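Computed from the coordinates by the stated procedures, all read-outs in this text should not be read as laboratory data. Everything quoted here is computed from the prediction, not taken from an experiment. Cβ placement follows ideal geometry from the backbone for every residue including glycine, while neighbour counts extend to all protein chains displayed.
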Amino acid sequence: MTRLVRPVLSMRKNGKMPSVVLMAIFFSLGLGSSALAEEETMQSKSSDTWLPSLITDTPQEGFALAVTLSQKGVGTTQPDTSVRKALRGAYAHDPDSLIAASQVIALHFQTVAAANDYWKND
């Protein structure tokens, strides 16, 4: 088990995981919600496929994809923009929520990194 997963699992034992994780997911959407909304609009016009591949050229592009995956998860879970914006104040200044948001992105980054064979050259 990775060091990133243990803190999330330990939060579940004390009963705080659901609200912290939800706030983390909502926070991750706030990282680029306007850019994401614009991108979703353009992509929905062109096709239904918004994620053709997890393959990226660099780790930095992989991290950006991890953030996008987090944002898309929130947008799918709570499609109402006004609800997401209303909740933003509750978690934006909460250190536990910010850490949880980072953990969600880190888990997505692990997936992207593995898909890219950790950007190793053969």
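Describe numerically, in nm with one decimal, the distance between label points set 7 Å from Cα along Cα→Cβ at Ser102 and at Tyr118.
Output for this residue pair reads 2.2 nm.
Hey, fewest Cβ within 10 Å first, where do Ser102, Ser97, Ser70 land in order?
Ser102, Ser97, Ser70
Out of residues 5 or more away from Thr56 or on other chains, whose amide H comes under 5 Å of its own, with H placed 1.01 Å from N in the peptide plane?
none
Could you line up Asp96, Asp48, Asp117 from fewest to most neighbouring Cβ atoms inside 10 Å?
The fewest-first ordering by Cβ neighbours comes to Asp48, Asp117, Asp96.
Can you list the trypsin sites (Lys or Arg not before Pro) in the stretch 50-122 that are in a DSSP coil and have 14 or fewer other beta carbons within 10 angstrom?
When the trypsin sites (Lys or Arg not before Pro) of the stretch 50-122 are filtered for loop state and at most 14 Cβ neighbours within 10 Å, Lys120 remain.
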